[in-house]
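Working notes, structure below.
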Amino acid sequence: MTEIKLHQSWKEVLQDEFDKEYMHQLKSFLIQQKQQGLTIYPKGDDIFNALNSTPLDAVKVVIIGQDPYHGPHQAHGLCFSVQKGVKIPPSLRNIYKELQSDCQFEIPSHGNLQSWANQGVLLLNSVLTVNQGQAGSHQNKGWELFTDKIIAEINIRRKNVVYILWGNYAQKKGQHIDENNNLVLKSVHPSPLSAHRGFFGCRHFSQCNAYIERNNIAAVEWQLPF
């Protein structure tokens, strides 16, 4: 795993992780899954899409998800995002609804959030791979340690970052973030099961832009291209 294609800014702070035992075990697990004929999402080139799209020195917002989508053509390495041509998942549809009421957002026909990532929004899943049709199948195999390291490095090296933590899982993942030098926004998860209990009306997107603009950082253009 030492030859992973990773943006230089991340490689400098994460390279040592690839030499640790947990990453060797993770690599062995992934190879084993492929040898068993299982399909892994996202495809190899997209596993580190979040990091390659949002260099460390460009991070201004972090949104934490849990697992990649496990259906065909969905996952492409950005949490909550799906490739164009795929039906918009329920949680993302609720995110769009909140954006619509918060920021005069026009809901597009697709669920591809790449333009957010390109602007400095790190769309980071806790687990970066999954087997087709098997939600959570790569949990507790090592990815969580790797993504904890990513969050820790941002916390050390960046200030005035907005962390958006939806649901208990994301809030636990971000529990060590320095809230004195960053903005941490929390609510329930946008899934249909919980969105009506505090996600709708949270106004996280406008709060995020107000904070980063106060710190002389360019606002995020949440509107997605059609």
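The values are calculated or read from the model by the stated rules, or taken from the named source; none is laboratory data. The structure displayed is predicted, hence computed values, not measured ones. Positions of Cβ are backbone-derived with ideal geometry, glycine not excepted, and every protein chain shown enters the neighbour counts. When the accessible area is computed, the model is the full protein with side chains, heavy atoms only, and any ligands, DNA or RNA have been set aside. Shrake-Rupley method; radii C 1.70, N 1.55, O 1.52, S 1.80 Å.
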Q: For each pair in 20/172; 27/97; 5/87; 97/141; 20/84, compute the distance between the two Cα atoms and list the pairs where it is over 31 Å.
A: 27/97; 97/141; 20/84
Q | Over the chain, relative contact order from alpha-carbon pairs under 8 Å, at least 6 apart, % | A | 23 percent
**Q.** Euclidean distance of C-alpha centroids, the range 93-141 and the range 15-90, integer Å
**A.** 12 Å
Q.
Given the C-alpha atoms of the range 99-188, compute the convex hull and give its volume per residue in Å³.
A. 140 Å³
(Q) List the residues, sorted by chain then number, that are 5 or more residues from residue 66 or on another chain and whose placed amide H is less than 5 Å from its amide H. (A) 126
Q | Estimated FRET transfer efficiency (residue 15, residue 106; beta-carbon r; R0 41 Å; 0.05) | A | 0.50
Q. Can you list residues whose amide H is under 5 Å from residue 183's amide H, if they're 5+ apart or on another chain and H is modeled 1.01 Å from N?
A. 161, 162, 163
Q) Given 0.36 nm per residue, what is the gain on full extension from residue 93 to residue 39 after removing their alpha carbon distance, in nm? A) 16.8 nm
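Considering only protein heavy atoms and a probe of 1.4 Å, how much of the accessible area of the chain is carbon and sulfur, as a whole percent?
Heavy-atom surface of the chain belonging to carbon and sulfur, 1.4 Å probe: 46 percent.
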Q: Among 51, 81, 107, pick out the residue whose Cα is farthest towards the positive end of the charge dipole of the range 1-159, where Lys and Arg carry +1 and Asp and Glu carry -1 on C-beta, about the Cα centre.
A: 107
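Convex hull volume of the Cα atoms in the chain, per residue, in Å³?
Details: hull volume 26.2 nm³, N = 226.
Taking only Cα atoms, the chain has a hull volume of 116 Å³ per residue.
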Q: Show the residues, 5+ positions off or on another chain, whose built amide H is closer than 5 Å to the amide H of residue 137.
A: 131
Q) Along its principal axes, what span do the Cα atoms of the range 63-117 show, with the longest given first and each in whole Å? A) 31, 24, 20
Q. Under a point spin-label approximation (7 Å from Cα along Cα-to-Cβ), what is the residue 196-residue 216 distance to one decimal in nm?
A. 4.7 nm
Q | Label-point separation in nm, residue 73 to residue 159, each point 7 Å along Cα→Cβ | A | 4.7 nm
Q) Given +1 on the Cβ of Lys and Arg, -1 on the Cβ of Asp and Glu, and no further charges, what dipole in debye does the chain carry about its Cα centre, rounded to the nearest 20? A) 440 debye
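Could you report the range 78-158's accessible area per residue, 1.4 Å probe, as an integer in Å²?
Per-residue accessible area for the range 78-158 comes out at 39 Å².
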Q. Short version: ³J(HN,Hα) in whole Hz for each residue of the range 35-48, in order, from phi by Karplus 6.51 cos²θ - 1.76 cosθ + 1.60 (θ = phi - 60°), x for Gly and Pro, what are they?
A. 5, 7, x, 7, 8, 10, 10, x, 4, x, 5, 9, 4, 9
